[in-house]
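> Pasting in a structure now, in C-alpha cells, and then I'll have a few things to ask.
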Amino acid sequence: MSVAPMFTPFTLRGMTLKNRLVMSPMCQYSAEDGTANDWHVVHLGSRAMGGTGLVISEMTDISPEGRISSGCAGMYKPEHAAAWKRVVDFVHTHSDAKIGVQLAHAGRKASCSSPWDGGGGPLPADKAWEIIAPSAIPFSPDSQTPREMNRADMERLIEAFAQGARWANEAGFDMIEIHGGHGYLLSSFISPLSNKRSDEYGGSLENRMRFPMEVFQAVRANWPEDKPISMRISAYDWVEGGTEVDDAVAIGKMMKDAGLDILDVSSGNVTDDPRPRVEGLFQTPFSERVRSEAGIPTMTVGNVGGPEQINGVIASGQADLCCMAKGQLFDPYFAHHAARTIGVEDYNWPKQYAAAGFFKPVA
C-alpha cells in the first residue's frame, strides 16, 4: 500500500522528519526578559506530542532591542539556552518530532506592546527603546522612526546571530530558521520599500541581500554541518514597487548557492498596508515557483487545510513541507487525526496513550 505524501519522511542534512507537517513559528509574548518558560514547554511540546514532524519556536530575538515586545522570546544571554534546552529536551524525550528555533531581529517593528496590552501598537515614548533599520523610515505613520544602521551596528548583530546559533546548538535544537520575512530587520533590508540606502547595502537586489547573506554565513559558520538552516522570506510585498515573485526566485538561487537548505516562502507584512484577504493556498504558487525555478526545497505557509490538501501540495511538487499555524492552535493533534482520517496504517501514537489499549505506541 502506498504511503500518503503527507506521511513520507523528508531529510535535510542529518535531520530526517517523520512527516511533512511543520508547526509555524507563532509569537506568544509570554517570555520574561527573553526567557522561555512553562508556557513554551506546553505550547511546543503539545504539538510535538500531537504528531507534527517539525515544530519551530516563535520568533526568538538575538538582542533585547530586537524584540517586538518585552514579552518576546530571546537568544541573547546564556540563560536563554538553558531555558530553551528544557523545551527541546521535552520534545526529544516525549515525541519523535524535530524542533527548530527561528532566530530574528524585529528591526523597525520592535518596541511595541503585546497584543493584549496595548493592541500591539508602538510603546509610548517613556517605555520605548531605540529601534534600528536599514533606513530611517517608520513602519507606519504612528510608528517610532528607526535610526539608520551603520556598519558597526551590522557587525554587532552579525555576531549576535552567530552567538545565537551557538547557544541554539547548546540547547539541542535540530534546525535554525533565520527570519528574513514579514518586515523585520532582514526583510526590511531585502525590500526596496524599506531599504533606501545609497551604499553597498542598498539599490540592487544583490546589494539589498548583502546583509542578510552576511548573517546567514555567520550562522552557518557557527552551526554544526549536519544540522540544516531554513530562511523565511516574504516572496511578494503586495505593494506596488515592492518585492515580487521574480525577486523571490532570485533570492532562492542566491541562498541555494550560499548553502541554505530550505526556503520558507511567505509574503506580505513588510509595510502596514494590509495583505489582501485571499482564500485557499494563496502563497503556495510562490513556493512552487521558487522550488521549480531556483531548485531549492521549500516550505509553504498560509491557509494550509486538511490532509488531502497537504497530500496534494506535496504530491504535485508545490512544496516539500507544509507549515500550519492557526490550524494547530485549534487542534494540537492535527497530525494524529489526519492519519486516522486518511487511514494511515501502522501509525504510532505516544506510548502513554497506547497504554489505554486503543492507539499503537511510538516504536
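The values are calculated or read from the model by the stated rules, or taken from the named source; none is laboratory data. Note that the coordinates shown come from a computational prediction; the quantities given were computed from them, not determined experimentally. Note that each Cβ is placed from the backbone with ideal geometry, even for glycine, and that neighbours are counted across all protein chains shown.
> Could you go through the stretch 154-170 and let me know if any residue there is on the phi > 0 side of the Ramachandran plot and either without any contact (Cβ under 8 Å) to a residue 40 or more places away in the chain or not hydroxyl-bearing (Ser, Thr, Tyr) (or both).
No, the stretch 154-170 contains no residue that is on the phi > 0 side of the Ramachandran plot and either without any contact (Cβ under 8 Å) to a residue 40 or more places away in the chain or not hydroxyl-bearing (Ser, Thr, Tyr) (or both).
> Condition first: outside any helix (DSSP H, G or I), crowded, with 22+ Cβ neighbours inside 10 Å, at pLDDT 95 or above and touching a helix residue (DSSP H, G or I) at 6+ places or on another chain (Cβ under 8 Å). Can you find one or more residues in the stretch 211-227 that meet it? It would help to see each step written out before you state the result.
Of the residues in the stretch 211-227, the ones outside any helix (DSSP H, G or I) are 222-227.
With the extra rule that they be crowded, with 22+ Cβ neighbours inside 10 Å, the set shrinks to none.
No.
> Next question. Return the total of residues in the stretch 50-67 being more than 12 Å from Leu21 (Cβ to Cβ) and either surrounded by 24 or more Cβ atoms within 10 Å (Cβ to Cβ) or among the polar types (S, T, N, Q) (or both).
8
> Which one of these does Met149 not meet: (1) touching a residue at least 24 places away in the same chain (Cβ under 8 Å); (2) closer than 15 Å to Ser187 by Cα?
Result: Met149 fails condition (1) only.
> Among the helices (runs of 4 or more DSSP H) contained in the stretch 245-363, which hold 2 or more residues that are in contact with a Phe, Trp or Tyr (Cβ under 7 Å, 6 or more places away or on another chain)?
245-258, 326-330, 334-341
> What are the residues in the stretch 184-207 that are touching a residue at least 24 places away in the same chain (Cβ under 8 Å) and either assigned to a helix (DSSP H, G or I) or basic (Lys, Arg) (or both), if any?
Matches in the stretch 184-207: Leu185, Leu186, Ser187, Ser188, Phe189, Ile190, Lys196, Arg197, Leu205, Glu206.
> Hey, could you check the stretch 77-122 for residues that are touching a residue at least 24 places away in the same chain (Cβ under 8 Å) and part of a strand (DSSP E or B) and say which is surrounded by the most Cβ atoms within 10 Å (Cβ to Cβ)?
Selected residue: Ala104.
> Search the stretch 276-295 for residues being crowded, with 19+ Cβ neighbours inside 10 Å and not polar (S, T, N, Q), and hand back the single one that is modelled with the lowest pLDDT.
Leu281
> Also, quick follow-up: Of the residues Val91, Val87, which single one is touching a His at 6+ places or on another chain (Cβ under 7 Å) and closer than 21 Å to Ile229 by Cα?
Exactly one of Val91, Val87 is touching a His at 6+ places or on another chain (Cβ under 7 Å) and closer than 21 Å to Ile229 by Cα, namely Val87.
> Does the stretch 216-231 contain any residue that is in contact with a strand residue (DSSP E or B) (Cβ under 8 Å, 6 or more places away or on another chain) and under 25 Å from Pro276 (Cα atoms)?
Checked the stretch 216-231: at least one residue is in contact with a strand residue (DSSP E or B) (Cβ under 8 Å, 6 or more places away or on another chain) and under 25 Å from Pro276 (Cα atoms).
> Quick one: count up the residues across the stretch 30-76 that are outside any loop (DSSP other than H, G, I, E, B), among the β-branched types (Val, Ile, Thr) and over 15 Å from Leu329 (Cα atoms).
Total meeting the criteria: 2.
> Sticking with this one: Of the numbered conditions (1) more than 17 Å from Ser30 (Cα to Cα); (2) assigned to a helix (DSSP H, G or I); (3) among the acidic types (Asp, Glu), Asp126 satisfies every one except a single condition; which is it?
Just one mismatch for Asp126, condition (2).
> Now a separate question. Filter the stretch 329-349 for residues that are aliphatic (A, V, I, L, M) and closer than 18 Å to Ser46 by Cβ; which is surrounded by the fewest Cβ atoms within 10 Å (Cβ to Cβ)?
Filtering first and then ranking leaves Leu329.
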